[in-house]
Amino acid sequence: MTTSTGDRDVVDILTTDHHEVLTLISKVPAAAPDQRRDMSDMIIAELMRHAIAEEMHVYPAMRDHLPDGAARVEHDIEEHQELVEVMKELESLDADEARFLETLGRLEQVMRDHVQDEEGEQFPLLRAHLGREQLVEIGSKVEAAMKAAPTRPHPLAPHSELFHKTLGPGVGLVDRLRDKLTGRPNSL
């Protein structure tokens, strides 16, 4: 998970997260099966925190300030749901199964498509339509949200700001407790 320097904006924070996760995904196939499991658990935890923080703080700004913001957000939420479903499947597989690497490849593809949309279109639009101060403020909120967000995929949970702000911290607490009790790594 990205650590704050206090002056980075939300685009910098999320872009760094994208690249850290994609780098780790690329290392999984060459790792031993016991390392694959830990690495994939870290990827899942990071992607969950990242997605929830976006839904809580970035997507409302996109809806309000970007041209066709609502349609962009709807597309991103669909991608988040696809990511959650693939992560849930990956979480259920043994790391030495052939399907594990196939599922990881699907996760990587969905993630790369999502990153391309955000970094190629949406992030430049956010920078064009919001001031630096607003982007830094959203970045601070995103970092705080990541600390409390769930670390495991919950495919039936809604992708809504209200859900994430009211019930999400409780779900995140339970996830982090489960992670601690089971020894599951949950940070990059």
Single match in Asp76, Asp94 (criterion: under 17 Å from Arg106 (Cα atoms), among the acidic types (Asp, Glu) and not in a helix (DSSP H, G or I)): Asp94
Residue ID - farthest from Arg37 (Cα to Cα), chosen from residues in the stretch 146-188 that are among the polar types (S, T, N, Q), out of contact with any Asp or Glu (no Cβ under 6 Å at 6 or more places or on another chain) and touching a residue at least 60 places away in the same chain (Cβ under 8 Å): Ser160
Within the stretch 72-79, does at least one residue satisfy the condition of being over 22 Å from Pro185 (Cα atoms), within 13 Å of the chain's Cα centre (by Cα) and hydrophobic (A, V, I, L, M, F, W, C)? yes
Filter the stretch 33-63 down to residues that are under 19 Å from Glu102 (Cα atoms) and of a type in the set (Asp, Glu), then give me how many there are. 3
If you check Ala157 against the conditions, is it modelled with pLDDT of 85 or more, touching a Leu at 6+ places or on another chain (Cβ under 9 Å) and closer than 28 Å to Leu93 by Cα? yes
Do we have Val142 as crowded, with 18+ Cβ neighbours inside 10 Å and without any contact (Cβ under 8 Å) to a residue 60 or more places away in the chain here? no
When the stretch 57-70 is examined, which residues are found to be buried (at least 17 other Cβ atoms within 10 Å of the Cβ) and in a helix (DSSP H, G or I)? His57, Val58, Tyr59, Ala61, Met62, Gly69
Restricting the first residue to the stretch 71-100 and requiring it to be surrounded by 16 or more Cβ atoms within 10 Å (Cβ to Cβ), which pairs with a second residue that is charged (D, E, K, R) and not in a helix (DSSP H, G or I) meet a Cβ separation below 8 Å and a spacing of at least six or different chains? Phe100/Asp94
Here are Ile52, Ile25: which of them is closer than 13 Å to Leu188 by Cβ, in contact (Cβ under 8 Å) with a residue 40 or more places away in the chain, in a helix (DSSP H, G or I) and aliphatic (A, V, I, L, M)? Ile25
Looking at this structure, is Glu89 in a helix (DSSP H, G or I) and more than 15 Å from the chain's Cα centre (by Cα)? yes
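The values are calculated or read from the model by the stated rules, or taken from the named source; none is laboratory data. What you see is a predicted model, and the numbers here were worked out from it, not measured in a lab. Glycine also receives a Cβ, built like all others from the backbone with ideal geometry; neighbour counts cover every protein chain displayed.
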